[in-house]
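The values are calculated or read from the model by the stated rules, or taken from the named source; none is laboratory data. Just so it is clear, the structure is predicted and the values come from calculations on it, not from any experiment. Please note: Cβ atoms are built from the backbone with ideal geometry, for glycine as well, and neighbour counts cover all protein chains shown. With ligands, DNA and RNA removed, areas are computed over all heavy atoms of the protein, side chains included. Shrake-Rupley method; radii C 1.70, N 1.55, O 1.52, S 1.80 Å.
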Amino acid sequence: MTVSITIPESLKPEDGRFGSGPSKIRPEQIAALDAGATTLLGTSHRQSPVKQVVGSIREGLAEFFHLPDGYEVALGNGGASAFWEVACASLITRQAAFGTYGSFSAKFAASAANTPFLEKPVIFEGEPGTYRLPELTEGVDTYCWAHNETSTGVAAPIRRVPGSREAGALTVIDGTSAAGALPIDIAQTDVYYFSPQKAFGSDGGLWVAILSPEAIDRAAGVESSAHLEGARRWVPPFFSLTSALNNSRKDQTLNTPAVATLIMMANQIEWLNGNGGLAWAAARCAKSASILYTWAERSDYAHPFVTDPGARSNAVVTIDLDESVSASQVLAILRENGIVDAAGYRKLGRNQLRVGVFPSVEPSDVIAFTKCVDYVVEHLQ
Ligand SMILES: *Cc1c(COP(=O)(O)O)cnc(C)c1O
């Protein structure tokens, strides 16, 4: 059944992009592309103008995350998905433990399980809509979980598994949809990695990783012993963390990056730092998220999917709709009206809205979003 509903202009958000990645790109970021149209775009990534952009990303992130002494920012091509393979090749010594509670946290665990030279990982599995942290396990040298499980809208706490540091283990956190939106104490992690197309409102294709001195040492050790006679490990150059770091220290990447992605990311980091950094960004996202959760709790046809308020994400908000209201129909009508990408994660298979409320999204547009959904539902009845 196709129904056409025209939402009054007065109710609509100024910007209709509510995706969880790719997410809204601010017009100023596009203006930055234009400003670099002949000086950056189409020029060598090994020359100073583009290297300065990479340098500004690395310095800007160091400021944004208040990096503890010795921590460094590395980047490379391939996005967070590629970083999972980097971690399997260059970081996990023998065995990792994973908290899995949704598609993204499970994908990294699957990569480790399929790596022929690693032992089978220890999996601590939680139900979608909750989180589960890995627990101290003998023999485990790397503990991994996701800060924000984008497929379900769950945010997990980031603090080291007690005893893990004393045992020499690393804490490797997928911050892909959390970085830039949720508070984080980087000292509780050895690796905090993410892609730029979520809170940093840029394009995909790049991974960024914040590395502790212990993570840097681990990669150097694992990679050098991989070449010893009899070692079964293969570290493809593309998955070498040490080589990514060595290039990053020169404000370069191993191979050619998308220069536009770098420019838009640098602009976003400048914007975030100029407004008050992570504290400002996290407060803004918390405000937008609370608009949605409060609306859903008061609504007679919607409710937050994540039942534990302490596990609800302030970056990606999931809202279940009653069976009487078809989410796919609501989403189709929203799309016709220019309000896009608020669909639930396909594989989760719920009658759900999922709204990316990253820092670029105006809280006033989030209020408008709720009004538009109410309008559509009312006119569907
Ligand atoms: C989006 C996402 C990824 C994958 O990022 P790509 O850049 O597409 O590889 C991984 N983890 C989480 C938590 C994500 O949200």
Q) Can you find even one residue in region 288-303 that is open to solvent by 60 Å² or more (accessible area, probe 1.4 Å), over 22 Å from residue 199 (Cβ atoms) and acidic (Asp, Glu)? A) yes
Q) Out of 90, 103, which single residue is of a type outside the set (Phe, Trp, Tyr) and either over 19 Å from residue 222 (Cα atoms) or in contact with a Lys or Arg (Cβ under 6 Å, 6 or more places away or on another chain) (or both)? A) 103
Q | Options 243, 202: the member that is open to solvent by 10 Å² or more (accessible area, probe 1.4 Å), among the hydroxyl-bearing types (Ser, Thr, Tyr) and either within 14 Å of the ligand (Cβ to nearest atom) or farther than 17 Å from residue 80 by Cβ (or both) | A | 243
(Q) Just checking, does region 145-167 include any residue being small (Gly, Ala, Ser) and not in a loop (DSSP other than H, G, I, E, B)? (A) yes
(Q) Checking the conditions here, which among 375, 345 is farther than 17 Å from residue 148 by Cα and among the aromatic types (Phe, Trp, Tyr)? (A) 375
Q | Residue in region 168-179 that is least open to solvent (accessible area, probe 1.4 Å), counting only those that are away from the ligand (no atom under 12 Å from the Cβ) and small (Gly, Ala, Ser) | A | 169
Q: Just give me the residues in region 322-332 being open to solvent by less than 10 Å² (accessible area, probe 1.4 Å) and either closer than 16 Å to residue 355 by Cα or without any contact (Cβ under 8 Å) to a residue 40 or more places away in the chain (or both), in sequence order.
A: 327, 330
Q) Is there a residue being small (Gly, Ala, Ser), more than 16 Å from the ligand (Cβ to nearest atom) and on the phi > 0 side of the Ramachandran plot anywhere in region 223-240? A) yes
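So which of 240, 299, 288 ends up being of a type in the set (Ser, Thr, Tyr) and farther than 17 Å from residue 366 by Cβ?
Testing whether each residue is of a type in the set (Ser, Thr, Tyr) and farther than 17 Å from residue 366 by Cβ leaves just 240.
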Q) Quick one: which helices (runs of 4 or more DSSP H) sit completely within region 18-120 and have at least 1 residues that are open to solvent by 50 Å² or more (accessible area, probe 1.4 Å) and either farther than 30 Å from residue 332 by Cβ or touching a residue at least 40 places away in the same chain (Cβ under 8 Å) (or both)? A) 27-35, 48-64, 79-90
Q. Restricting to region 206-229, what's the tally of residues that are in contact with a helix residue (DSSP H, G or I) (Cβ under 9 Å, 6 or more places away or on another chain) and either in a helix (DSSP H, G or I) or within 13 Å of residue 72 (Cβ to Cβ) (or both)?
A. 13
Q) Hey, any hits in region 8-17 for a residue that's away from the ligand (no atom under 16 Å from the Cβ), of a type in the set (Lys, Arg), part of a loop (DSSP other than H, G, I, E, B) and over 24 Å from the mean Cα position of the chain (by Cα)? A) yes
Q. Looking only at region 352-381, which residues are under 24 Å from the mean Cα position of the chain (by Cα) and open to solvent by 50 Å² or more (accessible area, probe 1.4 Å)?
A. 362, 364, 367
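Quick one: which residue in 233, 249 is in contact with a helix residue (DSSP H, G or I) (Cβ under 8 Å, 6 or more places away or on another chain) and either aromatic (Phe, Trp, Tyr) or open to solvent by 30 Å² or more (accessible area, probe 1.4 Å) (or both)?
Details: 249 fails: in contact with a helix residue (DSSP H, G or I) (Cβ under 8 Å, 6 or more places away or on another chain).
None of the others qualify; the one that does is 233.
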Q) Looking only at region 55-86, which residues are farther than 28 Å from residue 40 by Cα and within 12 Å of the ligand (Cβ to nearest atom)? A) 84, 85, 86
Q: Can you give me the number of residues within region 180-199 that are open to solvent by less than 10 Å² (accessible area, probe 1.4 Å), touching a residue at least 40 places away in the same chain (Cβ under 8 Å) and either more than 14 Å from the ligand (Cβ to nearest atom) or part of a strand (DSSP E or B) (or both)?
A: 5
